[in-house]
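Below is one structure; the comments refer to it alone.
The values are calculated or read from the model by the stated rules, or taken from the named source; none is laboratory data. Quick caveat, the model's predicted, so the values are computed rather than measured. As a convention, Cβ positions derive from the backbone with ideal geometry for all residues, glycine included, and neighbour counts pool all protein chains shown. Areas reflect the complete protein model, heavy atoms only, side chains present, ligands, DNA and RNA absent. Shrake-Rupley method; radii C 1.70, N 1.55, O 1.52, S 1.80 Å.
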Amino acid sequence: MAEQREIKAKTSWRSPRTICIIFLFIAAVVALMTIAIVQSKPISQKYKYGIVLDAGSSHTSVYIYEWPAEKENNTGMVRQLDTCDVEGKGISSYANNVSQAGNSLKKCMDKAKKSVPKAKHGDTPVYLGATAGMRLLSMENKRASDEVMASVERTLRNTPFDYQGARIISGQEEGAFGWITVNYLSDNFRQAKPTMGALDLGGASTQITFVSKQSSVSPENSIDFRLYGKDYQLYTHSFLCYGKDQVLKLAMAHQLETDEYILHDPCFHPGYKVNKSLGSVFNSPCAKTFDEPSRTFTHIGEGKWEECRNSIRKVFNFSDCSFSSCSFNRVYQPKVEGMFGAFSAYYFVMNFLNLTTHSLEESKMSLSKYCSTSWSEIKSNHPKVKDKYLAEYCFSATYILTLLEDGYKFTPENWNDINFIDKIENSNAGWTLGYMLNLTNMIPAEAPDTPPLTNGGFVTVMLFLSMAIIVLLALSCKFFGRPSCSSPKEII
Ligand SMILES: Nc1nc2c(ncn2[C@@H]2O[C@H](COP(=O)(O)OP(=O)(O)OP(=O)(O)O)[C@@H](O)[C@H]2O)c(=O)[nH]1
Ligand SMILES: [Ca+2]
């Protein structure tokens, strides 16, 4: 009897059905293992690092980025690992003490050495881009500007990182790279989603950049990019002297034309009274020079929002335009289109005043009330905020509304298309990330090959194959595996 059962079992293991099931079983196991290996390959990633110094007019910030080495060309992969704010003012303020420009960066570069793993220091590129403060200094005093740049270069060459250059970037680059940053972080390129315009308000210049369907009539405002297999035609313009610190000087200089000793300023709070030197207003090529820069005047706040807006409007030329449409100062600008991300001082100011989600009308009403609040009340409500920032919020917000509404022609209807943003996915909005992505060729012109499977597809295939293996195992047990599947007792 036992002999007969053994013969039957031997025959059934060699039957076509058995061979077929065994073959399928092996194929499923091999497929499962292959997919698991291919899919999990990028997990054993090594990271790469890059450092960009944003040498702005008011201060310098160091940004340290990190990305998985094997996914360089996939957007959304670079993240901001760390930042460091350099102590003191921007590098352009060292025109009379150039060696200190480089020294000022040392503490932050030491911090960067700790953030980036030591073994990667030599492979980590470091770039410095200087913006409007240095543009102004190079116009005013080219030699001082060259010396400041040489000083920062010396410091950066002295770090263990891979120094890749320090230069003054153009306003166009600043606008375009800011646009690349916000759209890269929002993953708009890879997903071919509509892009978002970029509004950057610095201390000495301001940039507007967006994709426009209107054909550009002004080549200096137009930049073309091919990113991920899609062409983008950008409108961009940078207004030198229209950052918020320089516009404050311009507005004050206008008002000082009528009285050189007392400035009754509608943009400062009632009760604000400070003696200032004329030099503090006229010490920039943006405001015309004055004969006696050391003489003082008294700056007195009045807190009248409507008058403040009128005084700010005087720093713009809205009347002349030789194009079909202009923003201001005879600069061509097509109609604003789509969503916008507004960052830097746009965010600092609108966020402080809780105006980021207000309509245009609500913002005006709220600001009018805020400007008329006495300086003593403002100070006692915000004891921890620096006096300089606190005193200027009324002016700065009024400037922002005027620039956006009268300058760029945003309307009450599209006001809420402007998102006041600081960070996207934990990375700061600003030109630095776009600058690095461009210099390291991390955004390809054509879409790279897609991975073998999407995550969803991977999970589905793995589930299907696992189930197939279980079913095959069960079937083989049922039909042919009695000797091994059954209990020892049964076999005996
Ligand atoms: N209220 C407030 N203002 C800030 C803060 N940080 C910077 N600012 C001011 O906001 C303005 C813009 O700052 P940034 O965007 O850093 O300007 P920047 O890069 O130095 O200047 P640009 O070279 O023109 O781009 C300057 O007037 C700064 O003094 C902040 O945390 N709060
Ligand atoms: Ca800036």
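Here are the numbers:
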read-out	value
The stretch 77-102 residues that are on the phi > 0 side of the Ramachandran plot, paired with ones that are within 16 Å of ligand 2 (Cβ to nearest atom) and assigned to a loop (DSSP other than H, G, I, E, B) (beta carbon under 9 Å, 6 or more apart)	Gly88/His59
Any hit, the stretch 234-241, residues being within 16 Å of ligand 2 (Cβ to nearest atom), farther than 27 Å from Met442 by Cβ and either open to solvent by 20 Å² or more (accessible area, probe 1.4 Å) or among the acidic types (Asp, Glu) (or both)	yes
Subset tally (residues that are in a loop (DSSP other than H, G, I, E, B) and either within 15 Å of Leu248 (Cβ to Cβ) or touching a Leu at 6+ places or on another chain (Cβ under 8 Å) (or both)) for the stretch 289-302	5
Any hit, the stretch 28-42, residues being over 30 Å from Ala447 (Cβ atoms), modelled with pLDDT under 95 and loosely packed, with under 13 Cβ neighbours inside 10 Å	yes
All positions within the stretch 155-171 that are under 15 Å from Ala130 (Cβ atoms) and assigned to a helix (DSSP H, G or I)	Thr155, Leu156, Gly171
Search result, residues across the stretch 256-276 that are under 36 Å from the mean Cα position of the chain (by Cα) and either outside any loop (DSSP other than H, G, I, E, B) or within 18 Å of Tyr399 (Cα to Cα) (or both)	Asp265, Pro266, Cys267, Phe268, His269, Lys276
Among the candidates Ala112, Ala150, Ala101, residue that is open to solvent by less than 60 Å² (accessible area, probe 1.4 Å) and in contact with a helix residue (DSSP H, G or I) (Cβ under 8 Å, 6 or more places away or on another chain)	Ala101
In the stretch 88-136, the residues that are within 14 Å of ligand 1 (Cβ to nearest atom) and among the small types (Gly, Ala, Ser)	Gly88, Gly90, Ser92, Ser93, Ser104, Gly129, Ala130, Ala132, Gly133
Boolean, Val211 is of a type in the set (Val, Ile, Thr), within 22 Å of Phe323 (Cα to Cα), at pLDDT below 95 and surrounded by fewer than 23 Cβ atoms within 10 Å (Cβ to Cβ)	no
Filter result for the condition that a residue is in contact (Cβ under 8 Å) with a residue 12 or more places away in the chain and either within 16 Å of ligand 2 (Cβ to nearest atom) or among the acidic types (Asp, Glu) (or both), over Ala287, Ala345	Ala345
Any hit, the stretch 129-142, residues being at pLDDT 95 or above, within 16 Å of ligand 2 (Cβ to nearest atom), part of a loop (DSSP other than H, G, I, E, B) and within 23 Å of the chain's Cα centre (by Cα)	yes
